[in-house]
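**Student:** This is the structure I want to talk about, given as structure tokens.
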Amino acid sequence: MSTPYTPARPTITTPARRGPPRRGVVSIMAMLYMVIFSVMALGFYAATTTASQVSSNERRAQAALLAAESGTQFLRYHLSALDINAGLTADKIFEKVYQQLADRLEPTANLNGNVIGFDNQTITIPQSGYIKMDPAGDQKFKITITRAGDILVARVVGRSSSVSLGRGVEIRFQKANNATAIFNYGVASMGTVSTTGTSTVTGLTDPTKGSILSTNTTSITPISVMGKMVSGDISTVSPTANVQFGSNTSIGGTNNTQLIRAEHIHKGVPEPRFPDIDTTVYKQFATNTYVTGMTTLDNVRIPAGTGTAISPLVLDAVTVRGVLYIEGSNVIEFKGNTNIQAVIAVANLVPVPNVVAGQITNNIISFTGSVTAQPVSTLPPTFGDVRKLTGAFVIAPNYRVRMWGNFGTVSGSIIASQFQTGGSAEGVVKGSVIQTSDLPTTIDGSADVMIASVGTTEYPAGVTFGIRYTSIPGSYQEFPAP
């Protein structure tokens, strides 16, 4: 019996394994990536946190700087609104700066019941703490002011939030003269103003210049125009004032009563600043003392009491050139044909005038003759700087100025405590007539006063309207805040 055939099975050989077995490589790679991503995440977190802190610090610093700059604008506004007599000494001006800032700021919510500090050397706003720019006080500033001569040096520290981070700004301020609208009027008086007879007040080339202003608020009728004409408008500070005028009187170019009241009478107008007067600038030129019988008065000083109410000093047909400086109480009358190529100025220290029936009786400058006037700018070169004293014809604090004769054309304003004109007086005032006391201003008879006011373009020497402070360009600088 044969044996069945069985096919041979192939032999399968497993290749030999090379090297050590590879185990956990995937886990290691995963952990490596986790470490890398963690480091990157931590780096990103650190970078964003640092950037946020830097950004927050920069924001606070900018907010503090903005607070400091807001403080400078706050101070700039209030210093520009001051009204201080320019004739004071530097230390007195600094004291006035403090007083006026205190009056302006202490009643306000800005100080919130605080006060302004002052020790004669430094003004501190506020005395303690800060001025808050928001209810929470997140932004605030503090101001200190010192002086360097006539210059105010202001240092403003601004702070932001509750941190101690601060920024400081220093800026300097200098004096500046205040402006005034008073020279825009032909006749401006603190007292009542009245015209009678056939008198006129007219603008020489511009009818509107022949205007009248009264700042009197105690009289029911501060202005009475019973004369022939006022070519400009009528203005009163009192909003309830009664302005009286005649039925045939022309005001503002018309004698139509309704039109005059509707268009040419203005009540409740803002009161313009009346001048502060310091005639010291004229005194230095009056080098010659008046002697009885003088007919040519070149830069002459008239001592107090030379003329009195009982025995006036009569200057008949004289020539006056340069500066005529009048000291103390005097009664002076210019008669005849007088030639004046001068500024007539009264000294600062004049006794309080005697007033009888509304008129100053002991301090008087009177023009009863014909006056031929020329500006000081036309004087010979030998008069030197006197020729620069333009803008005024008479500056007479505490004096009454009477013009009863023809006075031609006077080149400059007339500023006095009382002004009167009457008779057949006629003349041109190249400036304004300004009365600085609450006494009656009268323009009577057939007097014709023609005004050629110059507005605010030319203030006479020795005449100021208070000072304020303005920032000096280029003085802004930052400093490290304490």
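**Student:** When you check R155 against the structure, is it surrounded by 15 or more Cβ atoms within 10 Å (Cβ to Cβ), assigned to a strand (DSSP E or B), of a type outside the set (A, V, I, L, M) and out of contact with any Asp or Glu (no Cβ under 6 Å at 6 or more places or on another chain), yes or no? Break it down into steps so the answer makes sense when it comes.
**Tutor:** Numbers: surrounded by 15 or more Cβ atoms within 10 Å (Cβ to Cβ): yes; assigned to a strand (DSSP E or B): yes; of a type outside the set (A, V, I, L, M): yes; out of contact with any Asp or Glu (no Cβ under 6 Å at 6 or more places or on another chain): no.
Judged against the criteria, R155 is not a match.
**Student:** Next up: Name every residue in the range 323-359 that is aliphatic (A, V, I, L, M) and either without any contact (Cβ under 8 Å) to a residue 60 or more places away in the chain or surrounded by fewer than 23 Cβ atoms within 10 Å (Cβ to Cβ) (or both), in order of residue number. First the steps, then the outcome.
**Tutor:** Within the range 323-359, the subset aliphatic (A, V, I, L, M) is 323-324, 326, 331-332, 340, 342-347, 349-350, 352, 355-357.
Across the range 323-359, the qualifying residues are L324, V331, I332, A342, I344, A347, L349, V350, V352, V355, V356, A357.
**Student:** Further question on the same structure: For the range 233-266, which positions are more than 13 Å from P222 (Cα to Cα), aliphatic (A, V, I, L, M) and assigned to a strand (DSSP E or B)?
**Tutor:** First, the residues of the range 233-266 that are more than 13 Å from P222 (Cα to Cα): 233, 246-264.
Those still in the list that are aliphatic (A, V, I, L, M) too: 251, 259-260, 262.
Selection gives I251 alone.
**Student:** Going by what's in this entry, would T108 be described as without any contact (Cβ under 8 Å) to a residue 24 or more places away in the chain and closer than 23 Å to N348 by Cβ?
**Tutor:** Working: without any contact (Cβ under 8 Å) to a residue 24 or more places away in the chain: yes; closer than 23 Å to N348 by Cβ: no.
No: the conditions fail for T108.
**Student:** Please name all residue pairs, on different chains or six or more residues apart, with Cβ atoms under 6 Å, provided the first residue is in the range 380-408 and is at pLDDT below 90 and of a type in the set (F, W, Y) and the second residue is in a strand (DSSP E or B) and surrounded by 18 or more Cβ atoms within 10 Å (Cβ to Cβ).
**Tutor:** F407/F367; F407/V371; F407/G427
**Student:** Determine if the range 419-427 includes at least one residue that is within 20 Å of R273 (Cα to Cα), buried (at least 18 other Cβ atoms within 10 Å of the Cβ) and in contact with a Phe, Trp or Tyr (Cβ under 8 Å, 6 or more places away or on another chain).
**Tutor:** Just the residues of the range 419-427 that are within 20 Å of R273 (Cα to Cα), to begin with: 419.
Next, only the ones that are buried (at least 18 other Cβ atoms within 10 Å of the Cβ) stay: 419.
Still in the running and in contact with a Phe, Trp or Tyr (Cβ under 8 Å, 6 or more places away or on another chain): none.
Checked the range 419-427: no residue is within 20 Å of R273 (Cα to Cα), buried (at least 18 other Cβ atoms within 10 Å of the Cβ) and in contact with a Phe, Trp or Tyr (Cβ under 8 Å, 6 or more places away or on another chain).
**Student:** Scan the range 97-135 residue by residue and report those that are in contact with an Asp or Glu (Cβ under 9 Å, 6 or more places away or on another chain) and charged (D, E, K, R).
**Tutor:** Across the range 97-135, the qualifying residue is only K132.
The values are calculated or read from the model by the stated rules, or taken from the named source; none is laboratory data. This is a predicted model, so every value here is computed, not measured. Methodologically, a virtual Cβ is constructed for each residue, glycine included, from the backbone with ideal geometry; neighbour enumeration extends over all protein chains shown.
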